[in-house]
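Each remark here refers to the structure printed beneath this line.
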Amino acid sequence: QVQLAESGGGLAQAGGSLRLSCAASGRTFSSYLMGWFRQAPGKEREFVAAISGSGTSTYWADSVKGRFTISRDNAKNTAYLQMNSLKPEDTAVYYCANGGVAFGWRPADFDSWGQGTQVTVSS
């Protein structure tokens, strides 16, 4: 089992940027899929972005494509979500997740989750 800890959330203005980090411990980080999900009040958790263990494959939700970038530094056991051109509708709790060796973006493809970090975007 892997332990995940998100950081970097906070308050931003519309059009601004934030970078989320997810520090992982407990197993070989570079072998496994990492992803970001978010959950807004009253809504179900939704997929944001995913990156393969090697970092060579990535996938984004249409709602964030062109604005958000997922990356990872396997030497630091850390994944990142760079969020640019933020919109009020990006307001949510953001969760990082760790999956298996296969690439995927469904919640079922991930088996460990962080506690989440709040992102609030004001208009």
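Within region 72-123, being within 23 Å of Ser31 (Cα to Cα) and hydrophobic (A, V, I, L, M, F, W, C) holds for Ala75, Ala79, Leu81, Cys96, Ala97, Val101, Ala102, Phe103, Trp105, Ala108, Phe110, Trp113.
Residues that are closer than 17 Å to Ala61 by Cβ and touching a strand residue (DSSP E or B) at 6+ places or on another chain (Cβ under 7 Å) within region 89-102 comprise Asp90, Thr91, Ala92, Val93, Tyr94, Tyr95, Cys96, Ala97, Gly99, listed in sequence order. Residues in region 1-30 that are within 20 Å of Ala92 (Cα to Cα) and open to solvent by 70 Å² or more (accessible area, probe 1.4 Å): Leu11, Gln13, Arg19. A single entry from Ala50, Ala40 fulfils the requirement of being surrounded by fewer than 19 Cβ atoms within 10 Å (Cβ to Cβ), touching a strand residue (DSSP E or B) at 6+ places or on another chain (Cβ under 9 Å) and among the aliphatic types (A, V, I, L, M): Ala40.
Of the residues making up region 56-68, those that are under 27 Å from Arg27 (Cα atoms), open to solvent by less than 70 Å² (accessible area, probe 1.4 Å) and of a type in the set (Ser, Thr, Tyr) are Ser57, Thr58.
So which residues in region 25-46 are modelled with pLDDT under 95 and among the hydrophobic types (A, V, I, L, M, F, W, C)? Selection gives Phe29 alone. Lys76 meets all of the listed conditions (1) surrounded by 20 or more Cβ atoms within 10 Å (Cβ to Cβ); (2) more than 11 Å from the chain's Cα centre (by Cα); (3) of a type in the set (Lys, Arg) but one, namely (1). Residues that are surrounded by fewer than 17 Cβ atoms within 10 Å (Cβ to Cβ) and under 13 Å from the mean Cα position of the chain (by Cα): does region 85-103 have at least one? Checked against the condition, which is being surrounded by fewer than 17 Cβ atoms within 10 Å (Cβ to Cβ) and under 13 Å from the mean Cα position of the chain (by Cα), region 85-103 yields no hits at all. Within region 25-52, the set of residues being under 14 Å from the mean Cα position of the chain (by Cα), without any contact (Cβ under 8 Å) to a residue 60 or more places away in the chain and over 15 Å from Val119 (Cβ atoms) comprises Ala50, Ile51, Ser52.
The values are calculated or read from the model by the stated rules, or taken from the named source; none is laboratory data. Small disclaimer: the values here were computed from a predicted structure and weren't measured. Don't worry about glycine lacking a Cβ; one is built from the backbone with ideal geometry, like all the others, and counts go over all protein chains shown. When the accessible area is computed, the model is the full protein with side chains, heavy atoms only, and any ligands, DNA or RNA have been set aside. Shrake-Rupley method; radii C 1.70, N 1.55, O 1.52, S 1.80 Å.
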